[in-house]
Amino acid sequence: MKFRILATTILCATLFLSACKDEKKDIEPIEVPFKKEGTLTLYKAATDSIVTTINIEIADTDYDVQTGLMYRNTMQNNQGMLFVFPTMRERFFYMKNTRIPLDLIYLDNHKHIVSFQENAKPFDETSLPSRVPAQYVLEINAGLSEKWLLEVGDRIEYTEINEKQ
């Protein structure tokens, strides 16, 4: 009798789990829209001339820093994300859940470029270190660093919109 009850229980549990497994759920993919939180201007060190001005999102909270540009399908060439850290130290980024290729531009506390990681591949979890201390990191579409002829020593200035929306 105990064997029959045990066998019936196992059969019911197997059927229940099988039914749950076959149930299909429509899950909408996450798409995070760009939200302009400021503007950033890049300057050539040698001439102090403007290279370009872009709209930026600012990552300055733990959540924003951890999420970054994850779950974005596209980003315009006049957009980027600026990570703002409270201190200078070597930085390590990766491309987990990041769908678009990026250039990472590492900047010191004076907002001068100190290093690059160009053409970071989507979804690649390989570490992308700054190799030197940095306090800011600018992420832009892959290839723009080369197109804009950016070099170590070039600098940025940025202005935040008063209210993050």
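Pull out a ≥ b ≥ c, the square roots of the eigenvalues of the alpha-carbon gyration tensor of region 46-165, then state rounded if a/c is under 1.5, prolate if not and a/b is larger than b/c, and oblate in the remaining case. Verdict is rounded for region 46-165.
Taking Cβ atoms as reference points and 14 Å as the exclusive limit, the residues near GLN117 contribute a net charge of -4, counting Lys and Arg as +1 and Asp and Glu as -1. A full extension of the chain between ARG89 and ASP62 corresponds to an added length of 8.1 nm, given 0.36 nm per residue minus the alpha carbon distance. A probe of 1.4 angstrom, applied to the heavy atoms of all protein chains, finds VAL132 with accessible area near 50 square angstrom. From the Cα gyration tensor of region 83-150, with a ≥ b ≥ c the square roots of its eigenvalues, which class applies: rounded if a/c is under 1.5, or else prolate if a/b is larger than b/c, or else oblate? Because a/c hits 1.5 or more and a/b fails to exceed b/c, region 83-150 counts as oblate. Extension gain, ILE30-ARG131: 0.36 nm per intervening residue step, less the Cα-Cα distance, totals 33.1 nm. FRET efficiency for the GLN76 to LYS121 pair, using the beta carbon distance and R₀ = 35 Å, is estimated at 0.95. With protein chains left intact and a 1.4 Å probe, residues in region 37-91 average 49 Å² of accessible area per residue. Other residues within the sphere of radius under 15 Å centred on the Cβ of TYR71, judged by their own Cβ, net out at -1 (K and R +1, D and E -1).
The values are calculated or read from the model by the stated rules, or taken from the named source; none is laboratory data. The structure displayed is predicted, hence computed values, not measured ones. Here the Cβ is made from the backbone with ideal geometry for all residues, glycine too, and neighbour counts use every protein chain on show. When the accessible area is computed, the model is the full protein with side chains, heavy atoms only, and any ligands, DNA or RNA have been set aside. Shrake-Rupley method; radii C 1.70, N 1.55, O 1.52, S 1.80 Å.
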